[in-house]
Amino acid sequence: MSEAPHTLDFLALGDIVTDNFIKLTNESIAERFSKEHKKLCFNFGDKVPYESTTDLRAVGNSPNAAVSATRLGLNSGLVTDVGDDTNGHECVATLKRNGVDDSFVTVHEGEETNYHFVLWYEAERTILVKHQEYDYKLPDIGSPKWLYLSSLAENSYPYHEKIADYLDEHPEIHLSFQPGTFQMILGKDKLKRLYERSQLFFCNREEAKRILEIPESEKHEMIDLLQKMHELGPDIAVITDGPEGSYAYDGKNAWWQPMYPDPKPPVDRTGAGDAFSSTFTAALGLGNDIPTALQWGPINSMSVVQYVGAQRGLLSREQLLEHLANAPEDYKPKKIA
């Protein structure tokens, strides 16, 4: 794509996708949705009515993070792969409109760009995913201050090794790692080099147990999960726990941060985790400490869930700081160890 500018503050790396949001109607869901069991069920052969569809271009964990960091004032770019199709061209154009540098976007002739279907009901969604298996090649990305690594396709294990090699050759680069589904499937042993190289690591409580190979039925205190995750190598382990708040541990101190209160019920929870992780990373990149980063993250998550999709609600730094100034008195990090 376009020629790379000066060294970036924040460079995200991961797959890009168009999400097609299919808004399901109360009529279509009334007898098929169980909040108690968190199940969405259709009879095979059903014709299911829907209300509307909306295409959201240039989304995915890493593109969302790049847009987030850009709005917070960092010079940001994205390493990703697209097909030479209309969807791919529109994804790149969307990145540019959002101020994200596209120098490291690779276009694959004769291939398609990732396209997912999102079954959207109330604030929750079920996503039908298909990652194109590109011939991943790491471009010469220079020395960004932060590399933010997230979701890639199933065939990407050799690519992860190349990324680890590049990071070994460039110790000045800080790594923030938010593993996607297939990276968690690869497991902590295969991605050991990246866990050990990470300055920052993000996941939620359920993902932490999956990564650490802890049975879901086993009860573990959050401090135990934080310590075990830190032992895998990251300098700072961060684990979110939904409405129970978020936690960070740097090997010496651990903090808990409550959620920022929603001004009204969420519209769509897509991208809340990406908003938190990228904002925390950006806060450190801007020179803030861990407690401050913990305060910043939930504010962007709160804003994102007030809109459809993962990017529309992402805040500028000025907007975020205004929310922080107006936060409740008890919206403060608490040291727990």
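The values are calculated or read from the model by the stated rules, or taken from the named source; none is laboratory data. Computed from a prediction, not measured in an experiment: that's the story for all the values here. Note that we place each Cβ from the backbone using ideal geometry, even for glycine, and neighbour counts take in every protein chain shown. Accessible surface areas use protein heavy atoms only, side chains included; no ligands, DNA or RNA. Shrake-Rupley method; radii C 1.70, N 1.55, O 1.52, S 1.80 Å.
Working only within segment 243-299, note down all residues that are open to solvent by 30 Å² or more (accessible area, probe 1.4 Å), modelled with pLDDT under 95 and either among the hydroxyl-bearing types (S, T, Y) or under 21 Å from E231 (Cα atoms) (or both).
none
Identify the residue in segment 63-113 that is charged (D, E, K, R) and within 19 Å of the chain's Cα centre (by Cα) and, among all such residues, is farthest from H323 (Cα to Cα).
D81
From the list L152, L138, pick out the single residue that is assigned to a loop (DSSP other than H, G, I, E, B) and in contact with a Gly (Cβ under 7 Å, 6 or more places away or on another chain).
Numbers: L138 fails: in contact with a Gly (Cβ under 7 Å, 6 or more places away or on another chain).
Just one listed residue meets the conditions, L152.
Checking M184 against (1) more than 15 Å from the chain's Cα centre (by Cα); (2) more than 24 Å from Q295 (Cβ to Cβ); (3) part of a helix (DSSP H, G or I), which test does it fail?
(1)
Could you please find all residues in segment 155-174 being open to solvent by less than 20 Å² (accessible area, probe 1.4 Å), assigned to a helix (DSSP H, G or I) and either in contact with a strand residue (DSSP E or B) (Cβ under 9 Å, 6 or more places away or on another chain) or not polar (S, T, N, Q) (or both)?
Just the residues of segment 155-174 that are open to solvent by less than 20 Å² (accessible area, probe 1.4 Å), to begin with: 156, 159-160, 163-164, 167, 173.
Narrowing the set further to residues that are assigned to a helix (DSSP H, G or I) leaves 156, 159-160, 163-164, 167.
Within segment 155-174, Y159, H160, I163, A164, L167 meet the criteria.
If I filter segment 260-279 down to residues being within 24 Å of S151 (Cβ to Cβ) and part of a loop (DSSP other than H, G, I, E, B), which single residue comes out as nearest to the chain's Cα centre (by Cα)?
Looking only at segment 260-279, we keep the residues that are within 24 Å of S151 (Cβ to Cβ), and these are 266-279.
Restricting the remaining residues to those that are part of a loop (DSSP other than H, G, I, E, B) gives 266-271.
Details: P266: 18, V267: 18, D268: 15, R269: 12, T270: 10, G271: 7 Å.
Among them, the one singled out is G271.
Has segment 187-205 got at least one residue that is over 13 Å from A237 (Cα atoms), at pLDDT below 95 and not in a loop (DSSP other than H, G, I, E, B)?
no
Going by what's in this entry, would E196 be described as surrounded by fewer than 18 Cβ atoms within 10 Å (Cβ to Cβ) and touching a Gly at 6+ places or on another chain (Cβ under 6 Å)? Spell out the reasoning first.
Numbers: surrounded by fewer than 18 Cβ atoms within 10 Å (Cβ to Cβ): yes; touching a Gly at 6+ places or on another chain (Cβ under 6 Å): yes.
So E196 passes the test.
Hey, any hits in segment 307-317 for a residue that's over 22 Å from C203 (Cβ atoms) and over 17 Å from the mean Cα position of the chain (by Cα)?
So far as segment 307-317 goes, yes, one or more of its residues are over 22 Å from C203 (Cβ atoms) and over 17 Å from the mean Cα position of the chain (by Cα).
Would a scan of segment 77-94 turn up a residue that is assigned to a loop (DSSP other than H, G, I, E, B), without any contact (Cβ under 8 Å) to a residue 12 or more places away in the chain and either polar (S, T, N, Q) or within 29 Å of V304 (Cα to Cα) (or both)?
The answer is no; no qualifying residue exists.
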